1. Applying the selection to region 94-110, what residues are in contact with a Phe, Trp or Tyr (Cβ under 9 Å, 6 or more places away or on another chain) and either more than 22 Å from V5 (Cβ to Cβ) or not β-branched (V, I, T) (or both)?
2. Would you tally the residues in region 102-121 being closer than 22 Å to E90 by Cα and open to solvent by 50 Å² or more (accessible area, probe 1.4 Å)?
3. Right, I86: hydrophobic (A, V, I, L, M, F, W, C), assigned to a loop (DSSP other than H, G, I, E, B) and over 18 Å from V5 (Cα atoms) or not?
4. Could you list, in sequence order, the residues of region 89-121 that are in a strand (DSSP E or B), small (G, A, S) and farther than 15 Å from A49 by Cα?
5. Look through region 24-53, keep the residues that are of a type in the set (A, V, I, L, M) and touching a Cys at 6+ places or on another chain (Cβ under 9 Å), and return whichever of them is farthest from N79 (Cα to Cα).
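The values are calculated or read from the model by the stated rules, or taken from the named source; none is laboratory data. What you see is a predicted model; the values in this text were computed from it and never measured. Every residue, glycine as well, gets a Cβ built from its backbone with ideal geometry; the counts of neighbours run over all protein chains shown. The area values use the complete protein model at the heavy-atom level, side chains included, leaving out ligands, DNA and RNA. Shrake-Rupley method; radii C 1.70, N 1.55, O 1.52, S 1.80 Å.
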Amino acid sequence: QVQLVESGGGLAQPGGSLRLSCAASGRIFNIYNMGWYRQAPGKQRELVASITSGSSTNYADFVKGRFTISRDNNKITVNVSLQMNILKPEDTAVYYCYAAGSVFNEGFTSWGQGTQVTVSS
């Protein structure tokens with residue numbers, strides 16, 4: 001129903017920056033919430049940030065003041081970006097974009113393929 005393609009990520013030094021992007025296509029008009037989760041080795045997946053169709057944002061406490069989520073819509077895709085600043089080694093994880101919505105009152109959640117973020121000196 002909704003396809004997600006992620007880009008960005010990679011290696012950064014502590015204190016550095018990276019930017020993640022996620023492009024959603026398909027039933028984009030049924031999306032009401034998009035964002036990013038992350039999963040570090042041996043840990044559970046955790047919400048990082050989200051943004052609604054009305055551009056209301058929500059951040060996990062551990063990224064507040066460092067990460068910024070934004071959203072850009074057009075007729076074909078919805079693009080969500082995560083600007084990550086003042087990166088810390090504990091930000092190292094695989095980051096997954098998601099899109100949540102509903103079609104004919106049936107909810108769905110689509111996931112991206114995941115992109116690795118490594119913060120190391």
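1. Once the filter is applied, which keeps residues that are in contact with a Phe, Trp or Tyr (Cβ under 9 Å, 6 or more places away or on another chain) and either more than 22 Å from V5 (Cβ to Cβ) or not β-branched (V, I, T) (or both), region 94-110 yields Y95, Y96, C97, Y98, A99, A100, G101, S102, S110.
2. 4
3. Here the answer is yes, as I86 does meet what is asked.
4. The first filter runs over region 89-121 and keeps only residues in a strand (DSSP E or B), leaving 93-103, 106-111, 115-119.
Okay, now just the ones that are also small (G, A, S), so 93, 99-102, 107, 110.
Hits for region 89-121 are G101, S102, G107, S110.
5. M34
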